[in-house]
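Undergrad: This is the structure I want to talk about, given as structure tokens.
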Amino acid sequence: MRFQHSWWKHIVLFLLTLATTTLVGGQRYLSFLSDFGRSVAQFDGMTFWQALLPGFWYSGTILAILGAHEMGHYLACRYYRLDATLPYFIPLYVGAAPLQIGTLGAVIRIREAFPSRKVLFDVGIAGPIAGFAVLVPALVVGMYLSTVTISPPPETLIVIGKPLLFRAVRWMVFGVIPEGSIVNLHPMVWAAWFGMLATALNLLPFGQLDGGHITYSTLGAVSTRISLATVAAAVAMSIFSRGYILMTGVMLAMLYFTGPRHPPVINEYEPLGDGRRLLALGALAMLVICFTPFPINL
């Protein structure tokens, strides 16, 4: 039946993802308090729960960003009476690994064909807009909660790629960072940074990613060549940046199983209109300011 949900699956996956991201958030918060490991005496006698509860700074933020993104898709589907599932959150915990995030994101499943290009466009762009609307204030608040400190030895750092949006907000809060200093990032910033990375990856103009939906809606058959060019670029980037290996593998798998062409909509020839084309340019701008070619360098 249409519009039926396996509530227990969504609830269990959400609670598991809340647990894994909170564990990661606790680690992030302790690292933030320790000032890159230089101030650890304050942790003496700290209980497990005292260390864990501040993890909600991270988990609450990252789940809000991912949840807003997927609910943007879901509510757009409901508006157009498209049958879709609620978000499935994906938990992931791999110990104290430096690349630990706590989740592989969230997805919804749309269970019927799109009736028109307009509907495909609206559903595709609703998620990035909703997630972006949450991550921007989270990034600003998190940056205000961060501190400027003396740089630790370079070999102890995890260097993250800094998208244009990240750099702009950091400059707005701290101005020019003095030489020999570094921003000690609050866990909210880490969550917002992952939100930017997820937004950029979803907006890549490939296949059935959000960017692929938008590209197909606006450009039609030309989107196939753009998808292939995007895969080629991702393969090239993954050679120089390990941060893109997983996403490139996912894109290659999608290319193998579903082919380069976007599935057609029922009404292929419905005009999109100037308003939606302007929104498509806005999505491109979101991709540019959230993208970084080298996400993480150990």
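The values are calculated or read from the model by the stated rules, or taken from the named source; none is laboratory data. For clarity, every value in this text was computed on a predicted model and none was experimentally measured. When we count neighbours, we look across all protein chains shown, and the Cβ atoms used for this are built from the backbone with ideal geometry, even at glycine.
Undergrad: Quick check, is residue 211 part of a loop (DSSP other than H, G, I, E, B), closer than 22 Å to residue 110 by Cβ and in contact with a Pro (Cβ under 9 Å, 6 or more places away or on another chain)? Can you show your working first?
TA: Numbers: part of a loop (DSSP other than H, G, I, E, B): no; closer than 22 Å to residue 110 by Cβ: yes; in contact with a Pro (Cβ under 9 Å, 6 or more places away or on another chain): yes.
So residue 211 fails the test.
Undergrad: Right, something else. May I ask you to list pairs of residues, at least six apart or on different chains, whose Cβ atoms are under 9 Å apart, with the first in the range 200-222 being charged (D, E, K, R) and the second being assigned to a loop (DSSP other than H, G, I, E, B)?
TA: Qualifying pairs under 9 Å: 210/203; 210/204.
Undergrad: Working only within the range 74-117, note down all residues that are assigned to a loop (DSSP other than H, G, I, E, B), aromatic (Phe, Trp, Tyr) and at pLDDT 90 or above. Can you show your working first?
TA: Kept after step one, since they are assigned to a loop (DSSP other than H, G, I, E, B), are these residues of the range 74-117: 80-83, 85-87, 92-102, 108-109, 111-115.
Filter again for aromatic (Phe, Trp, Tyr), leaving 80, 93, 114.
80, 114, listed by residue number.
Undergrad: Tell me which of these residue 199 doesn't satisfy, since it passes every other one: (1) more than 25 Å from residue 74 (Cα to Cα); (2) modelled with pLDDT of 90 or more.
TA: Here residue 199 clears every test but (1).
Okay, residues lined up against (1) surrounded by fewer than 18 Cβ atoms within 10 Å (Cβ to Cβ); (2) closer than 23 Å to residue 103 by Cα:
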site	(1), (2)
200	no, yes
223	no, no
228	yes, no
251	no, yes
265	no, no
270	yes, no
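Undergrad: Only one residue in 139, 82 is surrounded by 19 or more Cβ atoms within 10 Å (Cβ to Cβ), touching a residue at least 12 places away in the same chain (Cβ under 8 Å) and closer than 30 Å to residue 240 by Cα, so which one is that?
TA: On the way: 82 fails: closer than 30 Å to residue 240 by Cα.
When all the criteria are applied, what remains is 139.
Yes/no matrix, rows are residues, columns are (1) part of a loop (DSSP other than H, G, I, E, B); (2) among the polar types (S, T, N, Q); (3) surrounded by 13 or more Cβ atoms within 10 Å (Cβ to Cβ); (4) in contact with a Phe, Trp or Tyr (Cβ under 6 Å, 6 or more places away or on another chain):
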{"position": "167", "(1), (2), (3), (4)": "no, no, no, no"}
{"position": "176", "(1), (2), (3), (4)": "yes, no, no, no"}
{"position": "179", "(1), (2), (3), (4)": "yes, no, no, no"}
{"position": "183", "(1), (2), (3), (4)": "no, no, yes, no"}
{"position": "191", "(1), (2), (3), (4)": "no, no, yes, yes"}
{"position": "233", "(1), (2), (3), (4)": "no, no, yes, no"}
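Undergrad: List every residue pair whose Cβ atoms lie under 9 Å apart, where the two residues are 6 or more positions apart in sequence or sit on different chains, the first residue falls within the range 28-44 and is modelled with pLDDT under 80, and the second residue, located anywhere, is of a type in the set (Gly, Ala, Ser) and in a loop (DSSP other than H, G, I, E, B).
TA: Sorted first by the residue in the range 28-44, then by its partner, the pairs are 36/151; 40/34; 42/34; 43/34.
Undergrad: Which condition number does residue 238 fail, the rest of (1) within 25 Å of residue 296 (Cβ to Cβ); (2) without any contact (Cβ under 8 Å) to a residue 12 or more places away in the chain; (3) part of a loop (DSSP other than H, G, I, E, B); (4) of a type outside the set (A, V, I, L, M, F, W, C) being met?
TA: The number of the failed condition is (3).
Undergrad: So which residues in the range 275-294 are crowded, with 20+ Cβ neighbours inside 10 Å and in contact with a Phe, Trp or Tyr (Cβ under 7 Å, 6 or more places away or on another chain), if there are any at all?
TA: Across the range 275-294, the qualifying residue is only 286.
Undergrad: Return the only residue of 214, 239 being surrounded by fewer than 22 Cβ atoms within 10 Å (Cβ to Cβ) and β-branched (Val, Ile, Thr). So that I can check it myself, show each step before the final result.
TA: Details: 214 fails: surrounded by fewer than 22 Cβ atoms within 10 Å (Cβ to Cβ).
Result of the check over 214, 239: 239.
Undergrad: Considering only residues of the range 253-263 that are part of a helix (DSSP H, G or I) and not aliphatic (A, V, I, L, M), which is surrounded by the most Cβ atoms within 10 Å (Cβ to Cβ)?
TA: Filtering the range 253-263 for residues part of a helix (DSSP H, G or I) gives 253-258.
Retained after the next criterion (residues that are not aliphatic (A, V, I, L, M)): 256-258.
On the way: 256: 8, 257: 7, 258: 12.
Among those that are part of a helix (DSSP H, G or I) and not aliphatic (A, V, I, L, M), it is 258.
Undergrad: Moving on to the next point. Here is a list: 188, 172, 143, 196. Which entry is in contact with a Cys (Cβ under 6 Å, 6 or more places away or on another chain) and closer than 22 Å to residue 32 by Cβ?
TA: Numbers: 188 fails: in contact with a Cys (Cβ under 6 Å, 6 or more places away or on another chain); 172 fails: in contact with a Cys (Cβ under 6 Å, 6 or more places away or on another chain); 143 fails: in contact with a Cys (Cβ under 6 Å, 6 or more places away or on another chain).
Of 188, 172, 143, 196, the one residue that is in contact with a Cys (Cβ under 6 Å, 6 or more places away or on another chain) and closer than 22 Å to residue 32 by Cβ is 196.
Undergrad: Which of the residues belonging to the range 102-130 are closer than 24 Å to residue 245 by Cβ and touching a Leu at 6+ places or on another chain (Cβ under 7 Å)?
TA: Hits for the range 102-130 are 102, 103, 104, 105, 106, 128.
Undergrad: Of the conditions (1) within 18 Å of the chain's Cα centre (by Cα); (2) farther than 23 Å from residue 66 by Cα; (3) among the charged types (D, E, K, R), residue 179 fails just one. Which one is it?
TA: Result: residue 179 fails condition (1) only.
Undergrad: Could you list, in sequence order, the residues of the range 158-176 that are touching a residue at least 12 places away in the same chain (Cβ under 8 Å) and either out of contact with any helix residue (DSSP H, G or I) (no Cβ under 9 Å at 6 or more places or on another chain) or not aliphatic (A, V, I, L, M) (or both)?
TA: 158, 159, 161, 162, 163, 166, 170, 174
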